[in-house]
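Report on one structure; see the data block that follows.
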Amino acid sequence: MIVLGIETSCDETACAIVADGDKIMANIVASQIDIHSAYGGIIPEIASRKHVESIYAVIKQALTVANIGIEDLDGIAVTQFPGLVGSLLVGIAAAKSFAFARQLPLVGVNHLFGHIAAIFLTEKKPAFPFVALVVSGGHTSTYVVHGPHNFALAGQTLDDAAGEAFDKAAKLLNLGYPGGVAIDKLAKKGKRDYIAFPRAMRNSTNFSFSGVKTALLNYLQKISTPPNEEALADIVSSYQEAIVEVLVEKTISLALSKKIPRVVVCGGVAANSRLRAAFQEAGDKEQIAIFIPPIALCTDNAAMIAAAGFFRLQNNERDDLAINAISRIHANS
Ligand code: KG4
Ligand code: ZN
């Protein structure tokens, strides 16, 4: 089964073609980062307009790279929620047009389940059940995944997402947007225990990252002069460690409490080198197998949407042409 996936939930216009849910034939991502970084964050109105400008070319390029025509497709999967409504609508309109014109089955996909499905595009696939941590710019949630159509939410952030905590810290420190990559790079040169930033809600399955961000703000206000290069590296390294430690601790604890020795870590923040290493260390210690997609499949892409859509299509699920964009995810989804 050949599935065309479309992803436009935020600031990436992406289209991919995936065969049988795990073979990537094309994976095109047109990033708008250069445009939004000038504003220090995503401007939704600009994002929608850029998606409109890019979507057709991105779909066409995916078909060219995969060396197939529309007639070779068996279905279309598109991110339906959560995300910026204006951005989601562009991908959904494109998906509906192709589905209608070519009478192709169409399925809407939960972006977060897309992030989890990215792991099925890799060589080392986890068996069910597994625990998944989805950690991105907009979400920090854990799930117990019993099967491709059976996800149970176990924990979620009560305020900021982990990626947001990285991005807001980078903004405070003038490190540019998006902040995760810049902090990751700079933190490699710093001391992880330079400042004891708070680790919130240690005894809960839920997360909270607004406190660590405020602690950083307070720290910066307290020191009289701006930190030099060395101190800056120590600050971001300690800050990153506070976020990483909580993510690893809560996810591993969940896996241990459920007696599930498999953990999938996905979403944009799973690109973080310290998070990847810390999960590996914890997994080795607790004898839990850790599965993390390669970086290009952690950050937003359409191959993961095609992979998640494949599971729905294979299950004979279909959406009709009335599907609409939904900005927020249902509390229990
Ligand atoms: O999954 P994603 O591409 O988009 C959302 O669905 O939100 O995640 C984007 C987030 C941003 O907050 C970005 O700063 C973060 O992922 N990110 C990282 C790294 N690369 C991307 N955070 C920490 N370290 C990284 N290397
Ligand atoms: Zn995402």
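Would you pick out the residues in region 227-272 that are in a loop (DSSP other than H, G, I, E, B) and of a type in the set (Gly, Ala, Ser)? Spell out the reasoning first.
First pass over region 227-272, keeping only residues in a loop (DSSP other than H, G, I, E, B): 227-228, 258-261, 267, 272.
Once the filter is applied, which keeps residues that are in a loop (DSSP other than H, G, I, E, B) and of a type in the set (Gly, Ala, Ser), region 227-272 yields only Gly267.
What number of residues within region 11-60 satisfy the criterion of being outside any helix (DSSP H, G or I), closer than 25 Å to Leu121 by Cα and modelled with pLDDT of 90 or more? It would help to see each step written out before you state the result.
Here is the first cut: in region 11-60, the ones outside any helix (DSSP H, G or I) are 11-32, 38-43.
Next, from what is left, pick out any that are closer than 25 Å to Leu121 by Cα: 11-32.
Still in the list and also modelled with pLDDT of 90 or more: 12-30.
Summing the residues that are outside any helix (DSSP H, G or I), closer than 25 Å to Leu121 by Cα and modelled with pLDDT of 90 or more in region 11-60 gives 19.
Tell me which strands (runs of 3 or more DSSP E) are completely within region 74-187 and hold 3 or more residues being more than 16 Å from ligand 2 (Cβ to nearest atom), or say none if there are none. Working first, answer last.
On the way: elements: 75-81, 106-110, 130-135, 140-147, 150-156.
Per the criteria, 140-147, 150-156.
Scan region 280-307 for residues that are more than 15 Å from ligand 1 (Cβ to nearest atom) and among the β-branched types (Val, Ile, Thr) and report the count.
So the count comes out to 2.
For the list (1) without any contact (Cβ under 8 Å) to a residue 40 or more places away in the chain; (2) within 19 Å of Ile305 (Cα to Cα), I need the number of the one condition that Leu63 fails.
Of (1) without any contact (Cβ under 8 Å) to a residue 40 or more places away in the chain; (2) within 19 Å of Ile305 (Cα to Cα), only one is false for Leu63: (1).
Condition (residue is in the same structural domain as Ile305 (by TED's automatic domain parsing), surrounded by fewer than 21 Cβ atoms within 10 Å (Cβ to Cβ) and touching a Lys or Arg at 6+ places or on another chain (Cβ under 9 Å)) applied to region 5-22: is it met by at least one residue?
Taking every residue of region 5-22 in turn, at least one turns out to be in the same structural domain as Ile305 (by TED's automatic domain parsing), surrounded by fewer than 21 Cβ atoms within 10 Å (Cβ to Cβ) and touching a Lys or Arg at 6+ places or on another chain (Cβ under 9 Å).
Does Asp319 fit the bill of being of a type outside the set (A, V, I, L, M, F, W, C), more than 16 Å from ligand 2 (Cβ to nearest atom) and surrounded by 14 or more Cβ atoms within 10 Å (Cβ to Cβ)?
For Asp319, the condition - of a type outside the set (A, V, I, L, M, F, W, C), more than 16 Å from ligand 2 (Cβ to nearest atom) and surrounded by 14 or more Cβ atoms within 10 Å (Cβ to Cβ) - is met.
Within 24 Å of Ile17 (Cβ to Cβ), surrounded by 19 or more Cβ atoms within 10 Å (Cβ to Cβ) and modelled with pLDDT of 95 or more: is that true of Ile68 in this structure? Let's see the steps before the verdict.
Details: within 24 Å of Ile17 (Cβ to Cβ): yes; surrounded by 19 or more Cβ atoms within 10 Å (Cβ to Cβ): no; modelled with pLDDT of 95 or more: yes.
For Ile68, the condition - within 24 Å of Ile17 (Cβ to Cβ), surrounded by 19 or more Cβ atoms within 10 Å (Cβ to Cβ) and modelled with pLDDT of 95 or more - is not met.
Condition (residue is surrounded by fewer than 21 Cβ atoms within 10 Å (Cβ to Cβ) and either acidic (Asp, Glu) or within 16 Å of ligand 2 (Cβ to nearest atom) (or both)) applied to region 194-212: is it met by at least one residue?
no
List every residue pair whose Cβ atoms lie under 6 Å apart, where the two residues are 6 or more positions apart in sequence or sit on different chains, the first residue falls within region 1-15 and is of a type in the set (S, T, N, Q), and the second residue, located anywhere, is at pLDDT 95 or above and within 10 Å of ligand 2 (Cβ to nearest atom).
Short answer, once both residue conditions are applied: Ser9/Thr79; Ser9/His111.
From the list Phe310, Phe279, exactly one residue is more than 16 Å from ligand 2 (Cβ to nearest atom) and either assigned by TED's automatic domain parsing to the domain that holds Ala255 or in contact with a Cys (Cβ under 9 Å, 6 or more places away or on another chain) (or both). Which is it? If you could, list the steps in order and put the result at the bottom.
Values: Phe310 fails: either assigned by TED's automatic domain parsing to the domain that holds Ala255 or in contact with a Cys (Cβ under 9 Å, 6 or more places away or on another chain) (or both).
Result: Phe279 is the single residue among Phe310, Phe279 that is more than 16 Å from ligand 2 (Cβ to nearest atom) and either assigned by TED's automatic domain parsing to the domain that holds Ala255 or in contact with a Cys (Cβ under 9 Å, 6 or more places away or on another chain) (or both).
Taking region 103-132, which residues are within 25 Å of Ser48 (Cβ to Cβ) and either away from ligand 1 (no atom under 16 Å from the Cβ) or surrounded by fewer than 23 Cβ atoms within 10 Å (Cβ to Cβ) (or both)?
Of everything in region 103-132, those that are within 25 Å of Ser48 (Cβ to Cβ) and either away from ligand 1 (no atom under 16 Å from the Cβ) or surrounded by fewer than 23 Cβ atoms within 10 Å (Cβ to Cβ) (or both) turn out to be Leu104, Leu106, Val107, Gly108, Asn110.
One line per residue, one yes/no per condition, for (1) in contact with a helix residue (DSSP H, G or I) (Cβ under 9 Å, 6 or more places away or on another chain); (2) farther than 22 Å from Ala118 by Cα; (3) buried (at least 22 other Cβ atoms within 10 Å of the Cβ):
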{"site": "Leu217", "(1), (2), (3)": "yes, yes, no"}
{"site": "Lys222", "(1), (2), (3)": "no, yes, no"}
{"site": "Ile235", "(1), (2), (3)": "yes, yes, yes"}
{"site": "Thr251", "(1), (2), (3)": "yes, no, yes"}
{"site": "Lys258", "(1), (2), (3)": "no, yes, no"}
{"site": "Pro261", "(1), (2), (3)": "yes, no, no"}
{"site": "Ala270", "(1), (2), (3)": "yes, no, yes"}
{"site": "Lys285", "(1), (2), (3)": "yes, yes, no"}
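The values are calculated or read from the model by the stated rules, or taken from the named source; none is laboratory data. As the structure is a computational prediction, the values presented were derived from the model and not from experiment. Cβ atoms come from the backbone with ideal geometry, glycine included; neighbour counts cover every protein chain shown.
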